[in-house]
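What follows is a set of notes on a single structure, which appears directly below.
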């Protein structure tokens, strides 16, 4: 009953096989092998346009390099208060940009409120050096609290950004989970809705370590090769990342893995809803679920083998916690089995 | 006939198997799994003392984080003019340190001359803010031109460094190749000779992507967890790096792989020496060989399937190139076969 | 009727004379002249202990270097949402620290609420690299909205900081204005209350350009000489700054200038309170006053020669603005005359 | 007999008067006062074109911000090994650029050799990320060893730079000294010869603290307002710097001061040449002279009241030092009197 994080998972067999397949041979290092090129082409097809793709090893580096590519002195990045770049990256964006500031916006259910964004960006008067200057909007899709921006919600935010000349970055560490839930195609919820840069994650969804930084306008990535190398994120044997993506995108593996994770989460949420020992903290839509349950109940579940994390209450989410109730995060992943979920739910019905 | 670079190689079967073995299960993310801990212990045993180990994905990040850990404002790092941090890392050290300067020293055969180092460090008067301040010595073992510092040579340099209070970093991207050639044990050519930090490379010697940053004095690494995370170099599924090192260090795999690479290089060098169509540019001792040969000869070899790179003439190496002669670098790796070497040597004897 | 900012003022005659006095001679450059040393000693006397003093030219550099001196990777600085380092320095702290984050705290009347601070710092679990690490508390004395921390209020905040091992910085761009209002001595409202570093401002209070960065524990400033030089803030002819401070501190000039500014502000506030055309937005105590008045009234005053700025409504201050009412900031300075104030107040009583 | 440095001098009376003149009034802060604008216009006239001018307080900040304005990740700045940015700025350029590298070139008499530059820049293959990328050429006029680039020499270097698309920065801390010696006009030895950015110094030549960063193509300075503010180099009372420049440029004050310094240096050099107790180390042309003399002779001069610094032997200058001979630097400045020079020369003729 592993619900700690999708980062605690292993790797899909197809991914491992792809790595093994590369092991025997030789190929050009540093991102210029035939395989690298082929997988880059695959991204063009996936997004129905020519994009610039850069393979890196971590989501944090992907996000930080994305924003470094559009950096400005005294720059301000608008993002949700609960976004990964704010909460979980130890100042990586600030570091890669030499000190850009993350403007933390509120909004219900982990999603930026367009009014909040508009207000915040309006406070920056043009050419007023003291305040610094707006430089980008960064969205998280799916959000850190398991919710998803609809196509319309993305468009509402990017429109405000573009009005001010700001490029839009999307942190897609769980992009696949959002995509399968929305039932859209990748182009329609990214560049066609005004997204300029996408951190396209693979690691949380079955890869060993594979993140792709995708620029929908290749010109915006002109300095990225140097930014990536300077940051130590150009792998010599990049083809082992390319190979993971080749397998990941082949035969809709990525969509199948994400769909499975999501389905397991829905099964879990249904179970929780039917229980009187726990309740959902808020409605979520991806492989992340958040529940309130008694502290003793949590201890009981853990003793029985369930692994999950107590979670700090996110900003902007009104939760009425009962006495002695705690908030926990439950994440399913591509490896989660129905049996694991069912055992967990069953335990929720058990007498302590 | 793949002699382009050890970075063009694939991965050893044991390494791939170790990755596959981790794929099925779950484990704590971000470097705290049982496997991570076990492999960290393995490093303690390897170096016969308690060390602090940090797994990262690239040699460049390893070097840059090592020096960031001992950073000072206006800091100066003393290193060889031909070192990887100078020539091949796009300013990664300078970036991670917020602007430290690499003081490029000369020395024969790619190794820092102690007198040069002493002179250079002496030019920094204590408390003279204008010049900045010495902050570290960085050695490369084996060097970028295929040579190796003896134990005594290491000691001579670290003694000067420590006299000035400077920590010593060793870039060991090819540490294994040096080690097997010297026939020493790891502790004796590192901390027992005054080395404080080691970039212990695995990628060039059979891993997919595995580099370990080793601090012989764990206190020196106090800020490293934050430096690594901030730089985007903390992998979520670190155990896949740990697993590579577990296999790498088990049953002397790493030594066997390096010994094979070195042996293939020696076979290659012997072949070149016996040929009248090429000659060694300087004596090298590891899996890197440098040869002078005619431009037409090079073209002929390439047409026959040999892959190698023309190489810029390193500083501090007196080479008398003949008319129309070029310098080439030939690198063997753990996958190189005797047959590959022999075919290459045979071609050198062939009539064009 | 100049109420735009104390930064718009000129310089006190004593300051100019001190500059002129230095013009004829020669002296050691870069902060080591006899005068520099003498003025440094003067600071020891002023603060009743040995301090380390560094002269710089701008308040922004003083604040940024103060925090750079206690920098940590992934560092978080706790400060008020309305502090100068947040609102008015174009990311200078973030830049000098290579990306530290400003944690913006709320609190009534421009002063940090201790509970808010305690909560915010508690959210950083020890050794949890993802979130980064607390590195300093920064207070503004007097605050940006014209209020002053009492000795007890300072102590309450520094106690929390020190419990977590955090050094405390005080931005004292208007330190003199606070001091004369509190009627305390400099030591009693700084290091005796737990302040570790003080940006001691002179520019806003009669100097041409003179800021002193004071470390109450000189050991904390060990790297400051290099940080200052590297940042381009070591003046060659530092003695012209030292001379300004010599005159500034002689015969209580600084206290007299600040007392005058404050008195003029009180006179102004009394006038506003007695008017029915304007009202104070909140109670302030220094040379900064904030008033609400009708837009037409403001235009009328400006036409009559008054210079002042419309001001964005600060966070954490509940102001009930009437229809068509605007918030304005009125700053007096050492040059403000009673006549200027009286004319302004008189105009407030005039029929439009 | 003050020959330590032009930085040890005071300030010209006209400069002090200009400061005093500003002291009484009020004006817009942060560089937008009428005076700031007027002096900016003066620079347009001086350089016979529209330029973008930024006032700062130190030469180091001027140089570092100039190069930050044209920064690139992994950037390499080509400059002379003896340039101020290399030798005397504690890594300020590296810091402001987030880690650009200074490529130290040789060349006789402190001036970059065009062949050396061409070679060095050629080593950077286009799009070869490992090495980083060329980003600027930086010249020093007059050089740190008292020599001057002729118009032709400037042009030869800028032509190579522009061929590679590199902007050219000129460190003009002693620009006035070079200018009066060359007998050219400012435009003819800067942008008409391909210089893009000029650090125009005033401090060493009679100002208290006044440096102007001049961009001949204002578009190149688009981010400079933010870079300057972020670095803490935007003074609130900028008009006190503007006022210094107003006086400095009025009635050719700057040229007269520089001409005087130069003339005193020539008088000094003539005296040294006629002495048999000292000799010029190399021919210099500005207010900097370098002499070789016996250690005892130096002690004798110092005892008699002469102030000067022993100087490390610059690279690229062949000097045959006699036994017990030392190299000293002798700098005259706008305050140096004929009498001072003559006394010094007389002492050189005296019996010890």
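The values are calculated or read from the model by the stated rules, or taken from the named source; none is laboratory data. Remember, predicted model here, so these are calculated numbers, not experimental data. A quick note on method: Cβ atoms are made from the backbone with ideal geometry, for glycine too, and the neighbour counts reach across all protein chains shown.
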Do you know which residues across the range B:23-41 are within 7 Å of chain A (Cβ to nearest Cβ), surrounded by fewer than 20 Cβ atoms within 10 Å (Cβ to Cβ) and modelled with pLDDT of 95 or more?
none
Collect the residues in the range A:29-52 that are touching a helix residue (DSSP H, G or I) at 6+ places or on another chain (Cβ under 9 Å) and not in a helix (DSSP H, G or I), keeping them in residue-number order.
A:29, A:30, A:31, A:33, A:48, A:49, A:50, A:51, A:52
Only one of (1) more than 10 Å from chain C (Cβ to nearest Cβ); (2) outside any loop (DSSP other than H, G, I, E, B) fails for residue D:229. Which number is that?
(1)
I'd like the full set of residues that are at the interface with chain B (Cβ under 7 Å from one of its Cβ atoms), part of a helix (DSSP H, G or I) and in contact (Cβ under 8 Å) with a residue 60 or more places away in the chain, limited to the range A:9-22.
A:16, A:19, A:22
Could you identify the single residue in D:202, D:194 that is buried (at least 24 other Cβ atoms within 10 Å of the Cβ) and not assigned by TED's automatic domain parsing to the domain that holds residue D:314?
D:202
Meets criteria (under 21 Å from residue A:264 (Cβ atoms) and either buried (at least 24 other Cβ atoms within 10 Å of the Cβ) or under 13 Å from the mean Cα position of the chain (by Cα) (or both)) for residue A:177:
yes
Taking the range B:213-226 only, how many residues are part of a helix (DSSP H, G or I) and either without any contact (Cβ under 8 Å) to a residue 12 or more places away in the chain or outside the structural domain of residue B:35 (by TED's automatic domain parsing) (or both)?
2
For residue D:55, the lone unmet condition from (1) more than 8 Å from chain C (Cβ to nearest Cβ); (2) farther than 30 Å from residue C:206 by Cβ; (3) not in a helix (DSSP H, G or I) is (2)
Out of the range D:60-74, which residues are out of contact with any helix residue (DSSP H, G or I) (no Cβ under 6 Å at 6 or more places or on another chain) and surrounded by 24 or more Cβ atoms within 10 Å (Cβ to Cβ)?
D:61, D:62, D:66
Boolean, residue D:244 is buried (at least 24 other Cβ atoms within 10 Å of the Cβ), touching a helix residue (DSSP H, G or I) at 6+ places or on another chain (Cβ under 8 Å) and either on the phi < 0 side of the Ramachandran plot or touching a residue at least 24 places away in the same chain (Cβ under 8 Å) (or both):
yes
Find the helices (runs of 4 or more DSSP H) located wholly in the range B:237-352 whose residues include 3 or more that are farther than 27 Å from residue B:178 by Cα, and list them.
B:295-303, B:338-349
Answer yes or no: is there a residue in the range B:51-58 that is under 15 Å from the mean Cα position of the chain (by Cα), under 26 Å from residue D:121 (Cβ atoms) and either surrounded by fewer than 24 Cβ atoms within 10 Å (Cβ to Cβ) or not assigned by TED's automatic domain parsing to the domain that holds residue B:329 (or both).
no
Taking the range B:130-163, which residues are more than 24 Å from residue D:88 (Cα to Cα) and touching a strand residue (DSSP E or B) at 6+ places or on another chain (Cβ under 6 Å)?
B:139, B:140, B:141, B:146, B:158
Can you tell which of B:234, B:255 is under 26 Å from residue C:130 (Cα atoms) and either at pLDDT below 95 or touching a helix residue (DSSP H, G or I) at 6+ places or on another chain (Cβ under 8 Å) (or both)?
B:234
Would you check if there is a residue in the range A:196-212 being within 14 Å of chain B (Cβ to nearest Cβ), assigned to a helix (DSSP H, G or I) and more than 23 Å from residue A:139 (Cα to Cα)?
no
